[in-house]
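Here is the structure we will look at.
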Amino acid sequence: MSTQETSTGLPAARTPVRQGQAPVLAVVALGGALGATARYGLALAWPAPPGGFPWATFWTNVVGCAVIGVFMVVITDVWAAHRLVRPFFGTGVLGGFTTFSTYAVDIERLVDAGHARTGLVYLAATVLAALTAVWVAAAATRGVLKGRRR
């Protein structure tokens, strides 16, 4: 066996879980399950009527992006977090909570049901609101943190 192969005979880069990555994979999966469950709960509590604007998915994505903005500033500028915090919360919880797939399906359903205008508004509004949310949240968090350092 060459130094480039693992005990399975596969090249090292193609091993399903490289040494030390199992905890990362586990926390991403756990966080993703929690985030996706929260998102699903919101969708059940706030269903969109046929042809109506999918507010639950819209606000889930906007709020999730705002939390991502705060989280990334805190863990990069303030808190020396454990190595599993970012994959658990950032990739797992927030990745499972926010949803591009549901957003895309919502747009497709609106267009297929003859509500192309609503679909296009939703498409643009979600992108603009999500990007604005992450930027405003990150800037506000930096401002608050800067004020606390004085």
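The values are calculated or read from the model by the stated rules, or taken from the named source; none is laboratory data. Fair warning: this is a prediction, and the values are worked out from it, not measured in the lab. Note: ideal-geometry Cβ built from the backbone for every residue, glycine included; neighbour counts use all protein chains shown. With ligands, DNA and RNA removed, areas are computed over all heavy atoms of the protein, side chains included. Shrake-Rupley method; radii C 1.70, N 1.55, O 1.52, S 1.80 Å.
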List, in order, the whole-Hz ³J(HN,Hα) value for each residue of the range 36-43 obtained from phi through the Karplus relation with A = 6.51, B = -1.76, C = 1.60 and θ = phi - 60°; use x for Gly and Pro. 5, 5, 4, 4, 4, x, 5, 5
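Counting helices only, and only those DSSP H runs with n ≥ 4, report the 222 nm mean residue ellipticity of the chain as the sum of -39,500 (n - 2.57) divided by its residues, in deg cm²/dmol to the nearest 500. Don't skip to the end; give the middle numbers.
Details: 5 runs with 94 residues, N = 150.
About -21500 deg cm²/dmol.
Report the full-extension gain for the segment residue 128 to residue 70: residue separation times 0.36 nm, less the Cα-Cα distance, to one decimal in nm. The partial results should precede the final answer.
Numbers: separation 58, 0.36 × 58 = 20.88 nm, distance 1.78 nm.
Full extension of this stretch gives 19.1 nm more.
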Overall form of the chain per C-alpha gyration tensor (a/c, 1.5; a/b vs b/c): oblate
Could you please report the charge total around residue 92, scoring K, R as +1 and D, E as -1 over all other residues with beta-carbon less than 14 angstrom from its beta-carbon? +3
May I ask for the distance between the Cα centers of the range 131-147 and the range 52-71, given as a whole number of Å? 16 Å
Please give the contour-minus-distance gain from residue 44 to residue 148: 0.36 nm per residue of separation, less the Cα-Cα distance, rounded to one decimal in nm. 33.5 nm
Taking the solvent-accessible surface of protein heavy atoms with a 1.4 Å probe, what is the per residue accessible area of the chain in Å²? 64 Å²
On a 0 to 90° scale, report how tilted helix 100-112 is relative to the longest principal axis of the chain, with both axes built from alpha carbons and the result rounded to the nearest 10. 30 degrees
At a threshold of 8 angstrom on Cα-Cα distance, excluding pairs fewer than six apart, so keeping six or more, what relative contact order does the chain reach in percent? 32 percent
So, by mean Cβ neighbours within 10 angstrom, what's the order for 87-96, 118-127 with the highest one leading? 87-96, 118-127
Helix 55-73 versus the longest principal axis of the chain: what angle, 0 to 90°, nearest 10, using Cα atoms? 40 degrees
Simple SL model, points at 7 angstrom along Cα→Cβ for residue 120 and residue 25; separation in nm is 4.5 nm
